[in-house]
Amino acid sequence: MTAPTVPTTNSRTGSRIGWVLTGLLAIFLIFDGVTKLLNVQQVKDATVDLGLREEMTPVIGVVLLVSLALYLVPRTAFLGAVLLTGYLGGAVLTNWRVDKPLFSTVLFAVYVGIVVWGALYLRDPRVRQVMPFVR
């Protein structure tokens with residue numbers, strides 16, 4: 001019995017949708033990372049409200065932007081997606097720890113993570129080989 005094969009080619013439409021989602025995600029995460037890196041006062045206040053030290057804000061921004069840069073380069077996109085998943089998992093825990101609203105705040109990072117992997121799935125046939133959903 002042979003295992004079903006997953007096509008390694010990508011439809012143009014799927015690939016375009018994946019890159020559009022990636023672009024939208026990148027705009028959102030670049031804004032988030034740059035505001036952390038620039039030490040914007042509202043972002044520092046929000047960081048302290050979450051129970052983190054104020055001086056951690058730029059470091060968190062650097063981690064986010066480096067992970068995003070790896071995600072945007074096709075050759076390192078899988079590593080970037082894994083790093084972004086870890087980053088977003090930390091956001092879930094941090095928000096949960098301080099009793100933020102579940103569906104609007106705590107799980108927002110999960111929603112972003114789904115977009116990260118969904119966009120990568122659509123734009124990279126190698127990811128579809130690892131995670132085949134269609135037989």
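The values are calculated or read from the model by the stated rules, or taken from the named source; none is laboratory data. The structure presented is a predicted model; accordingly, all values stated were derived computationally and were not measured. Cβ sites come from the backbone with ideal geometry, for glycine too, and all protein chains shown count toward neighbours.
Would you be able to tell me the number of residues in the stretch 47-62 that are under 15 Å from Leu84 (Cβ atoms) and either over 19 Å from the mean Cα position of the chain (by Cα) or loosely packed, with under 15 Cβ neighbours inside 10 Å (or both)?
Residues meeting the conditions: 1.
I'd like the full set of residues that are among the small types (Gly, Ala, Ser) and over 18 Å from Gly23 (Cβ atoms), limited to the stretch 70-89.
Listed by number, the residues that qualify are Gly86, Gly89.
For the stretch 1-24, how many residues meet the condition of being modelled with pLDDT under 95 and among the basic types (Lys, Arg)?
Matching residues across the stretch 1-24 total 1.
Looking at the stretch 31-46 only, could you name the residues that are of a type outside the set (Ser, Thr, Tyr) and crowded, with 16+ Cβ neighbours inside 10 Å?
Asp32, Gly33, Lys36, Leu37, Val43, Lys44
Name, by its number, the condition in (1) surrounded by 14 or more Cβ atoms within 10 Å (Cβ to Cβ); (2) at pLDDT 95 or above; (3) over 20 Å from Phe31 (Cβ atoms) that does not hold for Arg128.
Here Arg128 meets the rest and fails (2).
I'm told Ile27 meets every condition in (1) surrounded by 14 or more Cβ atoms within 10 Å (Cβ to Cβ); (2) assigned to a helix (DSSP H, G or I); (3) at pLDDT 95 or above except one. Can you identify the failing condition by its number?
The single condition Ile27 does not satisfy is (1).
In a helix (DSSP H, G or I), modelled with pLDDT of 95 or more and closer than 18 Å to Val110 by Cα - does that describe any residue in the stretch 45-59?
Checking the stretch 45-59: not a single residue is in a helix (DSSP H, G or I), modelled with pLDDT of 95 or more and closer than 18 Å to Val110 by Cα.
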